[in-house]
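Contents: one structure, followed by commentary.
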Amino acid sequence: MAMSVSQMGNIASLSSDLFYDILRRLDGATLASAGCACADFCSISREERIWENACHSLWPSTTREDVRNLITSIGGFRKFYADCYPLIVNKDVPVVQWDNDLEFSEEWAEADYYGDIDEFDSVSPSDFVSIVDIRYKDKAVYSKVIWGIPDSDGFHGWFYNCPFRIDLLRYSDGVNDEAEVTLSVTDGLPPIMSIERERKEGKLWRELRDGIRLSWIVVNRKMKQAANLASWNPLGGQRHWPTDKDFLIRFGSVLPAKDILPCQVVECIIVMKFRVINTEGEGEGIQTTLKLTELSMQLEDMAGAHVNGRNSLLVLKEALSCRRSKNYSEVLESCHLYSKAQSELKEEKMRNESRLDRLCILSGIAAFITFFYCIL
């Protein structure tokens with residue numbers, strides 16, 4: 001935001017109240033840039049009220065009193081925005097290397113591997129808070145806050161060893177949980193004549209995929225850290241799954257797991273599923289309605305196995321202090337590197353299994369021939 005000397009002089013004659021009124025209308029990224037323009041802008045852009053407005057416009061759930069108190073306790077709205085607006089980027093994906101042994105290496109799977117056992121004592125399910133917001137075409141359609149990890153009271157028992165998963169729609173946060181979450185033509189969805197036509201054209205699917213945005217912020221109250229584990233934009237999806245009326249959209253990120261799992265990185269998979277529940281009407285009066293039927297998060301290792309509750313808590317704790325970026329292409333590159341390494345792992349496993357099958361067949365034939373000659 002470069003300014004000439006004459007422009008700076010004109011600005012200097014304006015009141016600070018007017019400066020504040022201008023800056024409070026900006027989004028966070030523009031506000032950060034404006035703070036570098038002049039001393040007055042810099043001073044005002046440091047005020048918590050300005051950043052509180054920026055957070056409220058981006059994450060409607062931050063308007064809740066309990067969430068506002070949480071954000072204040074971990075450093076304030078300015079810090080919260082700086083932590084959660086950039087997305088997690090992790091390019092430290094290990095290269096898949098194989099030897100010539102015929103046995104498939106299990107070093108990439110979780111199995112019974114555990115890192116530092118003492119480290120687990122420093123993390124608890126109650127340390128974490130999930131702050132989730134869904135937007136469609138810049139309109140807020142859903143917000144939810146979950147304190148702690150649901151159903152983890154006995155985490156030294158089943159939660160400790162079972163696959164980690166949060167099904168957000170199953171748990172109440174005490175705020176508007178009774179209402180269904182829907183999208184319709186009034187929200188900007190295109191009307192569809194029929195499911196059969198949508199199968200051919202895919203117009204509704206494209207509009208949903210291109211317009212939906214998700215933020216899943218995880219806060220660790222003890223560490224006073226926060227990060228957005230979603231990718232804002234969808235990373236992939238599948239229409240008509242598992243029925244003709246279902247749309248599945250995937251978000252997520254690649255999280256560090258060094259000294260926690262042998263694969264060193266895991267994938268945070270966030271699944272959002274909508275179902276077509278209404279296609280009534282004729283002509284211009286057609287009403288298309290989608291219902292949110294699933295919103296879940298889970299962690300998977302490089303072998304595609306679900307990470308258990310114990311290791312997931314350690315991964316989440318580690319993720320809140322890893323690198324972030326405002327450059328979305330870096331986020332996509334990080335996910336691409338992970339997908340590539342995972343594909344290579346699966347392909348090599350299949351090749352090794354194929355070689356093992358051939359070896360077993362040859363061994364069986366040799367054993368049969370040996371037996372045959374022995375009885376002659």
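Just so it is clear, none of the values below were taken in a lab; they were calculated from the coordinates. Note that this is a predicted model, so its numbers are computed, not measured. Using ideal geometry, Cβ is built from the backbone for each residue, glycine included, and neighbour counts are taken over all protein chains shown.
The table below lists the values:
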read-out: Residues of type lysines that K203 reaches as a straight line, Cα spacing below 23 Å, ignoring anything fewer than 8 places off in the same chain; value: K137, K139, K245, K273, K291
read-out: Loop-located trypsin sites (Lys or Arg not before Pro) in segment 45-90 whose Cβ has at most 11 other Cβ within 10 Å (DSSP); value: R46
read-out: Amide H within-cut-off set for K224, under 5 Å, with H built and near neighbours excluded; value: none
read-out: Dimensionless Rg ratio for segment 117-345, taking C-alpha atoms and the 2.2 N^0.38 Å reference; value: 1.08
read-out: For L70, L214, order by how many other beta-carbon atoms lie within 10 Å, fewest first; value: L70, L214
read-out: Rounded to whole Hz, the Karplus (6.51, -1.76, 1.60) HN-Hα couplings of segment 73-87, x for glycine and proline; value: 6, 9, x, x, 6, 5, 5, 4, 5, 5, 7, 9, 6, x, 9
read-out: Sites matching GluC sites (Glu not before Pro) across segment 193-289 that sit in DSSP coil, with at most 10 neighbouring C-beta atoms within 10 Å; value: E282
read-out: Summed side-chain charge close to D153 - residues other than D153 whose Cβ falls under 15 Å, Lys, Arg +1, Asp, Glu -1; value: -1
